[in-house]
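Q: This structure is in structure tokens; I'll ask about it shortly.
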Ligand SMILES: [Fe+2]
């Protein structure tokens with residue numbers, strides 16, 4: 001049975017001041033909603049797909065399933081990105097302890113995050129990894145990259161479309177610094193609680 005997605009409502013007022021109306025419209029209204037529409041198109045096509053002709057070089061199912069993963073991750077990563085920002089950038093509570101335990105200090109985490117932000121072609125994800133019960137900064141070059149069994153807590157979009165309008169194509173470093181200064185750590189702590197990651201971590 002197909003399950004169609006509706007776009008999550010994201011409000012510019014909740015996002016940091018550095019994000020302009022134009023950049024928000026391009027990123028949220030055009031790109032993000034475009035991924036939702038394409039994901040739903042794929043679900044409709046999968047309903048009617050010929051399941052008898054599976055083939056790993058080319059088949060209708062192969063191509064649809066490949067792009068389904070691409071669109072599904074694009075949607076989730078963008079939603080996590082927009083929810084990651086709009087705060088004061090000051091880590092507090094549980095996540096401060098975990099960043100300190102797993103990276104040595106919050107400053108060490110931020111240093112590695114900045115380096116990842118300059119090195120990834122698509123995304124930087126702070127994830128809680130279920131396999132070792134630790135936080136990791138992972139990088140993705142394309143939406144469909146990723147590490148399984150790792151829960152994204154903080155997501156940075158470093159595709160050029162995310163920053164060239166507000167920071168210029170050469171402004172990635174300033175953009176990454178601006179992102180860090182506007183992280184919504186209260187949201188990250190809420191995720192840790194909601195997903196009961198403390199229980200998972202103590203059992204790891
Ligand atoms: Fe994006």
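The values are calculated or read from the model by the stated rules, or taken from the named source; none is laboratory data. For clarity, every value in this text was computed on a predicted model and none was experimentally measured. Cβ atoms come from the backbone with ideal geometry, glycine included; neighbour counts cover every protein chain shown.
Q: Return the residue satisfying two criteria in turn: it lies in region 47-60 and is under 30 Å from residue 32 (Cβ atoms) and touching a helix residue (DSSP H, G or I) at 6+ places or on another chain (Cβ under 8 Å), and of such residues it is surrounded by the most Cβ atoms within 10 Å (Cβ to Cβ).
A: 49
One line per residue, one yes/no per condition, for (1) modelled with pLDDT under 95; (2) closer than 19 Å to residue 115 by Cβ; (3) away from the ligand (no atom under 13 Å from the Cβ):
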position	(1), (2), (3)
127	no, yes, yes
138	no, yes, yes
142	no, no, no
145	yes, yes, yes
154	no, yes, yes
160	no, yes, no
164	no, no, no
178	no, yes, yes
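Q: Does region 188-198 contain at least one residue that is closer than 14 Å to residue 85 by Cα, in contact with a helix residue (DSSP H, G or I) (Cβ under 8 Å, 6 or more places away or on another chain) and within 16 Å of the ligand (Cβ to nearest atom)?
A: No.
Q: With respect to residue 131, determine if the residue is more than 16 Å from the ligand (Cβ to nearest atom) and free of Cβ contacts under 8 Å to residues at least 12 places away in the same chain.
A: For residue 131, the condition - more than 16 Å from the ligand (Cβ to nearest atom) and free of Cβ contacts under 8 Å to residues at least 12 places away in the same chain - is not met.
Q: Quick one: which residue in 91, 16 is under 17 Å from residue 179 (Cβ atoms), more than 16 Å from the ligand (Cβ to nearest atom) and not in a helix (DSSP H, G or I)?
A: 91
Q: Something else: Name every residue in region 59-83 that is within 28 Å of residue 192 (Cβ to Cβ) and more than 16 Å from the ligand (Cβ to nearest atom), in order of residue number.
A: The answer is 69, and nothing else.
Q: I would also like to ask the following. Quickly run through region 61-88 and pick out the residues that are touching a helix residue (DSSP H, G or I) at 6+ places or on another chain (Cβ under 7 Å) and either outside any helix (DSSP H, G or I) or over 20 Å from residue 178 (Cβ atoms) (or both).
A: 61, 64, 67, 68, 71, 72, 74, 75, 85, 86, 87
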